[in-house]
Amino acid sequence: MRRLLVMSIAFVSFQFVGPVCALEQFNTEAAAQQHSPTDTVVSVNIPSMIWHYKGQRYYGNTKHGAYVRAAAAAKSVLAKSNSA
């Protein structure tokens, strides 16, 4: 039981401390577009960091997703891969 608790805490810490936190997330596509009108908005599945473009099947339809700027998502993925 104790081991499970420690593993859960480590997982939650990893989820919220990495480069993903630096990614500015929006609840709606309109909010993301309003924040940065010239940038492409993508829908990102936060745990996997897989993003979807408008018109794709999972755009805005992931369980743990958010709308982000494409340029910011790319930087976050690069930062995550460089830190590994």
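Throughout, read-outs are computed from the coordinates displayed, never taken from laboratory work. Worth saying up front: this structure is predicted, and the values here are computed from it rather than measured. All Cβ positions, glycine included, derive from the backbone under ideal geometry; neighbour counts span all protein chains shown.
The gain in end-to-end length when the Ala71 to Ile50 segment is fully stretched comes to 6.2 nm, 0.36 nm per residue minus the alpha carbon separation. Summing +1 for each Lys or Arg and -1 for each Asp or Glu, what net charge is found among the other residues whose Cβ lies under 12 Å from the Cβ of Ala32? Value of the local net charge: -1. Packing order of peptides 66-75, 49-58, highest average first: 66-75, 49-58 (average count of other Cβ atoms within 10 Å over each peptide's residues).
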